[in-house]
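Engineer: Structure provided below as structure tokens; questions to follow.
The values are calculated or read from the model by the stated rules, or taken from the named source; none is laboratory data. Please read these numbers as outputs of a predicted model, since none were measured by experiment. Please note: Cβ atoms are built from the backbone with ideal geometry, for glycine as well, and neighbour counts cover all protein chains shown. Heavy atoms of the whole protein, side chains included, go into the accessibility calculation; ligands, DNA and RNA do not. Shrake-Rupley method; radii C 1.70, N 1.55, O 1.52, S 1.80 Å.
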Amino acid sequence: MSQLKISIVSLGSLKYPINMTYLEGWKSRIINVSHGASIAHLPDADGSNWEYTREQLSGLIKDDGNYNFIIGLISAPLEHNYYMHRLGDKIAVLSLFEMAEIVRLYDFTIENYMLRNIYELAVLYKVNSTLIPSDMYSWAHDDVRGCLFDMNANKSDIVFSLHQPKICHACNARILSNQVDAEFLPELSKDLKKLKKSLYFLMAEWVKLHPVLALIMAALSATSINLISSIIFEKSKAIFSWLG
């Protein structure tokens, strides 16, 4: 199964630091991410509410034959307040506007948000060989299922598909109705399981959900450590008399 080569193009100031090395080092048989060109200074937005329109962005991001598709990353708002637009068969743009704050508020990383959306585009490209299939609007579903193709009309709903997102049964059946590599879905499932919160935040969530049990475990741990320390000290005194 061939990897999809994906280039990330930075558009203007991103405000937040992005760990491009982490993205480029992401281990996957499906995607290979590179940080390509960048546009340091953007023109003023054409939109009436200071948002960048599809037409304006289409003139900024250029196709590159070395990659299957290109993703422009921008911190400004997009037309109709979407967080992602597909601009052509091989070009999309992903916005951090409001989304960076949302994902960080729920203890996810911006890199996690980026990878989740890269995989959404990767599925479309693998199935259709384009980012804009003729039936593109029928892929997204209003129901929030933790699926890559949740509509997320309420932007904050994206948090439900950031921790180990999945392909729901309906979307899975849709993929299988097209000609795809036999290894694609198993590899996709394996990759999506790697998209998750860090262990620290998972443990913090568990403590919030089980405060009494966490307190009991902490007390037991402290008692156990104290007993073990006492035993070790007594054994040491028996061996080294000068300790007593």
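Engineer: Return the carbon/sulfur percentage of the accessible area of segment 1-73, one whole number, probe 1.4 Å, all protein chains in place. Walk me through the numbers on the way to the answer.
Structural biologist: Values: 1920 of 4110 Å².
Summing carbon and sulfur atoms, their accessible area is 47 percent of the total for segment 1-73.
Engineer: Go ahead and run the numbers for FRET between Asp46 and Glu98, Cβ-Cβ distance against an R0 of 22 Å, rounding to 0.05. Show your work: numbers first, answer last.
Structural biologist: Working: r = 20 Å, r/R0 = 0.89.
In this case the efficiency is close to 0.65.
Engineer: A follow-up question, please. Averaged per residue, what accessible surface does segment 43-153 expose to a 1.4 Å probe, in Å²? Walk me through the numbers before you get to the answer.
Structural biologist: Numbers: 4830 Å² over 111 residues.
On a per-residue basis, segment 43-153 sits at 44 Å².
Engineer: Next up: Can you tally the net charge around Arg104? Count Lys and Arg as +1, Asp and Glu as -1, for every other residue whose Cβ sits under 12 Å from the Cβ of Arg104.
Structural biologist: On the way: positive: Lys15, Lys197; negative: Glu98, Glu101, Asp107, Glu111.
Here the charged neighbours net out to -2.
Engineer: Compute the Rg to Rh ratio over segment 1-104 from the alpha carbon atoms, using the Kirkwood formula for Rh, and round to two decimal places.
Structural biologist: Values: Rg = 13.7 Å, Rh = 14.3 Å.
Ratio value, two decimals: 0.96.
Engineer: For Gln56 and Ser34 in one chain, what is 0.36 nm times their gap in residues minus the Cα-Cα distance, to one decimal in nm? Intermediate values should be presented prior to the final figure.
Structural biologist: Values: separation 22, 0.36 × 22 = 7.92 nm, distance 2.39 nm.
Extending this stretch completely gives an extra 5.5 nm.
Engineer: Let me ask something additional. Taking 7 Å along the Cα-to-C-beta vector as the label spot, tell me the His141-Lys196 distance in nanometres, rounded to one decimal.
Structural biologist: So the two model labels end up 2.4 nm from each other.
Engineer: Let me ask something additional. Compute the Cα gyration tensor for segment 118-169, then decide on rounded, prolate or oblate, letting a ≥ b ≥ c be the square roots of its eigenvalues: rounded whenever a/c is under 1.5, prolate when a/b is larger than b/c in the other cases, and oblate in all that remain.
Structural biologist: Because a/c hits 1.5 or more and a/b exceeds b/c, segment 118-169 counts as prolate.
Engineer: At q = 0.13 Å⁻¹, what is the base-10 log of I(q)/I(0) for segment 50-146 according to the Debye formula with one equal point scatterer per Cα and no solvent? Please give it to two decimals.
Structural biologist: The Debye formula, applied to the Cα set alone, gives -0.47.
Engineer: Of Lys62/Lys193; Lys90/Lys197; Lys15/Lys193; Lys62/Lys194; Lys15/Lys196, which sit over 27 Å apart, Cα to Cα?
Structural biologist: Working: Lys62/Lys193 32 Å; Lys90/Lys197 30 Å; Lys15/Lys193 29 Å; Lys62/Lys194 31 Å; Lys15/Lys196 23 Å.
Too far apart for the 27 Å limit: Lys62/Lys193; Lys90/Lys197; Lys15/Lys193; Lys62/Lys194.
Engineer: If you don't mind, another one. Antiparallel versus total DSSP beta bridges in segment 1-99: what percent is that, nearest 5? Numbers along the way, then the final one.
Structural biologist: Values: 3 of 22 bridges.
Of the beta bridges lying entirely in segment 1-99, close to 15 percent run antiparallel.
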